[in-house]
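> Below is the structure I would like to discuss, written out as structure tokens.
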Amino acid sequence: MSEQIKDYKARAQHLVSQMTLEEKALLMSGNGAWTTHKVERLGIPSIFMADGPHGLRKALGPNTADSVPATCFPTASALASSWNTELLAEIGAALAREAQANDVQLLLGPGNNMKRSPLGGRNFEYFSEDPFLAGHLAAAYIKGLQDQGVGSTLKHFAVNNQEHERMVSSSIVDERTLHEIYLPAFEIAVTQAQPWAIMCSYNKINGVYASENHLLLEDILRDAWGFQGYVVSDWGAVHDRVKGIMAGLNLEMPGSGDVNRKKIIEAVKAGQLPESRLDQVVAGLLAVVLKATESRRGGVRVDVDEHHALARRAAGESIILLKNEDDLLPLETGGKKKIAVIGAFAKDPRYQGAGSSQVNPTRISNAYAELAALLGGEERLSYASGYDLEGVTTAQLLEEARQQAKSADLAIVFAGLPDSHESEGFDRSTLDIPEGHNRLIDAVSQVQPNTVVVLMNGSAITMPWVGRVKAILEGWLTGQAGGGAIADILTGEVNPSAKLAETFPMRVEDSPTFTEFPGLNQQARYGEGVFIGYRYYDKKNITPLFPFGFGLSYTTFAYSELSFSAPSIQETESLTVELKVKNTGKVAGKEIVQLYVREDKPVVSRPDKELKAFTKVELAPGEEKTVRFTLSRRDFAYYNTNLHRWSVNPGRFDILVGGSSRNLPLRKHVQVEVAQQEVPSLSRHSLVKEFKDHPKGKEFYPQLVGVIMGGTTEEPGGVKRTPEEERARKKAEMSTLVFAHDMPVYKLVLFSEGRFSEQTLNDILARVQ
Ligand code: BGC
């Protein structure tokens, strides 16, 4: 199915021209929870949509857990830690096979919202705090899925970063922050992968519901980014259906019976909704319905074992080694050392989040059994549960754990977040894991110096015991095969190669949104602006627990020879960046190479640095590879709110390369020239100072300043003053100038009592356009 959605538009329009008003209105809402309506008279079929994102959830009944068995892959925060776009595409393709086998035409995913606060309830379902990383991972997933004839529904568009009051909350965000932080992940995914559908979010953006937001759904999504697919509401996100049609919302889900259908018909009849507009919106939906129907593949069989193996490989690429003192890991597989496995999660893992993404897995692996399998049996292992599944411990459970840990050579404690702590529908109230888990780790680490902690959680947590244990694995919610993958990493069968796609702060008080989150009175004020995630910790010089981009390996890597295609470029040219990375250790491994750009002297307050390129490189021991990146205009630009578009400020930019946002050993700068700098147009509301460096305005600047300074300037040497008088005079002149600079030019007319006339002002304004 190589045809683009736009190739179906003509057929869709032809069908619309044959439809009655009632039939058009019928198509605008779903038929129940998961399908669109058919129009049999015209041969228009219905299509089936199912959640996503990390496994197929084709519902069989009203309960979330009641769905067809499907492979549960690692959730998005885990997959993002792989930084591996090829892997994301493979997962997309596997999800498509499962969707095809179950006659599902569109999957509701991936979720691509920014992790504004580490407390966000759905952070486990989202990729990152960085829009560049999230955008590229989403694009790869979408391509993988759609290449197999199943559509993606990219969600939740947009600025949907909390669960608190999610159906009504208004995200109050400024224009620059919207464009630099909250839109680019969607923009990259749409422009690179063209998802068949996009799901608008529940919330309002600056007071306007996403489902009625013309700026987002038409001006940005369709006009600026060239989106070809349909927009579907999040389930129940429709407020005013007619307004939604005017704004570009094609499909309401789930269906609302004839409630909204009647309103659409009435609005057309009353002349409030032009039928031509309805036609456009119906045709937009139908084009995808036609494409999706023709993309159906009969006879697709899912190889459950193969998909489980892929889930294990994916989890292995997603688990992060955060600490490994004295090279405690990997465990010796051939040795005799006794290992105490502690914590109920070892046998009863937490491997996915709750809510609409909850998959009914084809099987579940647990780390205890998988470790035993890799170690050739349970002889070397002992076990203590340490806590119940809610994370509550008791003196007796702690004592048991202590005994096991003491009589072993090494202890592995499994800890993290129980189901009740993390789910769609609510935000977390704390970054802490249950007290029972913290107490267990303390108890074990007091008696066993060789303690490893394996974590199962979907988002950032605090680790008060970080200095008291030797090794930490961030095991995430790694899907149904996570147990096997944890065992692979613990034993060195797989060398860890994942890195954090989100910052872990030391304490919640350090996080960017601490004073604002989740808002009050149905308003979430995005007061931290562009400074979320590492952009915030960098700017405020706060040391996080573990920084963005950080993760260890059982081998080591060295970076060298950063070079550019040119020492300086025009903003319209691209820059090729090359460097070398070498495996300097004894085992094969993969390194995630990260490139950040820093503007030396920005005109607006910019993050200290921003991720603009990355790649994952596989290296044998001693092997060295050259990595090449290309940077272009957008990588240097900021969103200019005077011009309402991206601008490059000419000057020096530092290119920083390395293996973590806080460890960037390669640095070099490039000069970016701007042939013709874009300048805002001048109006009567422009400040006097804005004329100073304006190419056309500067000619008039002395005249404008003179209006105010008229009384205070004089010929040099005209009047004799003592040095003290001279200093006082200069001071007065200076403060008048400061005063004049920040004055809108129209005020000069008033201050000069008309000496500087309206006519003169209008003449000047006419000449500076
Ligand atoms: C969620 C979506 C999901 C939809 C259908 C909504 O509540 O926000 O992510 O796709 O339900 O289950």
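The values are calculated or read from the model by the stated rules, or taken from the named source; none is laboratory data. Computed from a predicted model, the values in this text were never measured in an experiment. Counting neighbours? That spans all protein chains shown, and the Cβs are built from the backbone with ideal geometry, glycine included. Note: accessible area is taken over every heavy atom of the protein model, side chains too, but ligands, DNA and RNA are not part of it. Shrake-Rupley method; radii C 1.70, N 1.55, O 1.52, S 1.80 Å.
> Give the number of residues within segment 219-244 that are away from the ligand (no atom under 16 Å from the Cβ), over 21 Å from Q146 (Cβ atoms) and out of contact with any Leu (no Cβ under 6 Å at 6 or more places or on another chain).
So the count comes out to 8.
Per-residue answers, yes or no, for (1) more than 20 Å from Y126 (Cα to Cα); (2) not in a helix (DSSP H, G or I):
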| residue | (1), (2) |
| --- | --- |
| I181 | no, no |
| T191 | no, no |
| L217 | yes, no |
| G226 | yes, yes |
| W235 | no, yes |
| H239 | yes, yes |
| I245 | yes, no |
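> Mind checking whether some residue in segment 82-92 is within 16 Å of the ligand (Cβ to nearest atom) and in a loop (DSSP other than H, G, I, E, B)?
no
> Taking the criterion of being in a loop (DSSP other than H, G, I, E, B) and either open to solvent by less than 20 Å² (accessible area, probe 1.4 Å) or free of Cβ contacts under 8 Å to residues at least 40 places away in the same chain (or both), would at least one residue in segment 587-600 satisfy it?
For segment 587-600, residues in a loop (DSSP other than H, G, I, E, B) and either open to solvent by less than 20 Å² (accessible area, probe 1.4 Å) or free of Cβ contacts under 8 Å to residues at least 40 places away in the same chain (or both): absent.
> Of (1) surrounded by 22 or more Cβ atoms within 10 Å (Cβ to Cβ); (2) part of a loop (DSSP other than H, G, I, E, B); (3) of a type in the set (A, V, I, L, M, F, W, C), M19 satisfies all except one. Which?
Unmet for M19, out of (1) surrounded by 22 or more Cβ atoms within 10 Å (Cβ to Cβ); (2) part of a loop (DSSP other than H, G, I, E, B); (3) of a type in the set (A, V, I, L, M, F, W, C): (1).
> Follow-up question, since we're still on this one. Which of the residues belonging to segment 481-499 are of a type in the set (A, V, I, L, M) and open to solvent by less than 10 Å² (accessible area, probe 1.4 Å)?
Correct list: A481, A485, I486, A487, I489, L490, A498.
> Considering only residues that are modelled with pLDDT of 95 or more and among the aliphatic types (A, V, I, L, M), look in segment 56-78 and name the one that is surrounded by the fewest Cβ atoms within 10 Å (Cβ to Cβ).
V68
> From the list S256, S211, pick out the single residue that is within 16 Å of the ligand (Cβ to nearest atom), over 16 Å from E23 (Cβ atoms) and in a helix (DSSP H, G or I).
Details: S256 fails: in a helix (DSSP H, G or I).
That would be S211, the only listed residue that is within 16 Å of the ligand (Cβ to nearest atom), over 16 Å from E23 (Cβ atoms) and in a helix (DSSP H, G or I).
> Looking at segment 336-367, which of its residues are open to solvent by 20 Å² or more (accessible area, probe 1.4 Å) and away from the ligand (no atom under 16 Å from the Cβ)?
Those that are open to solvent by 20 Å² or more (accessible area, probe 1.4 Å) and away from the ligand (no atom under 16 Å from the Cβ): K336, K337, K338, K347, D348, P349, Y351, P361, T362, R363, I364, N366.
> For residues that are open to solvent by 40 Å² or more (accessible area, probe 1.4 Å) and in contact (Cβ under 8 Å) with a residue 24 or more places away in the chain, scanning just segment 742-761, find the one that is farthest from R684 (Cα to Cα).
Selected residue: R755.
> Write out, first by first residue and then by second, each pair whose Cβ atoms fall under 9 Å of each other, whose residues are 6+ apart or on separate chains, and whose first residue, in segment 240-252, is touching a residue at least 24 places away in the same chain (Cβ under 8 Å) while the second is open to solvent by less than 10 Å² (accessible area, probe 1.4 Å) and of a type in the set (K, R).
Short answer, once both residue conditions are applied: L249/R241; E252/R241.
> Counting only residues that are in contact (Cβ under 8 Å) with a residue 40 or more places away in the chain, open to solvent by 10 Å² or more (accessible area, probe 1.4 Å) and among the aliphatic types (A, V, I, L, M), how many does segment 22-55 have?
Final tally of qualifying residues: 2.
> From (1) of a type in the set (A, V, I, L, M); (2) touching a Pro at 6+ places or on another chain (Cβ under 8 Å); (3) over 21 Å from W476 (Cβ atoms); (4) open to solvent by less than 10 Å² (accessible area, probe 1.4 Å), pick out the condition that doesn't hold for L145.
(2)
> Can you tell me which residue in segment 148-159 is farthest from I220 (Cα to Cα), limited to those that are of a type outside the set (A, V, I, L, M) and open to solvent by less than 10 Å² (accessible area, probe 1.4 Å)?
Only one residue fits best here, namely G149.
> From the residues in segment 406-450 that are of a type in the set (V, I, T) and open to solvent by less than 30 Å² (accessible area, probe 1.4 Å), which one is farthest from R380 (Cα to Cα)?
It comes out as I433.
> Those residues that are assigned to a strand (DSSP E or B), in contact with a Lys or Arg (Cβ under 7 Å, 6 or more places away or on another chain) and under 25 Å from E690 (Cα atoms), I need them from segment 624-647; list them, please.
Hits for segment 624-647 are Y638, Y639, W646.
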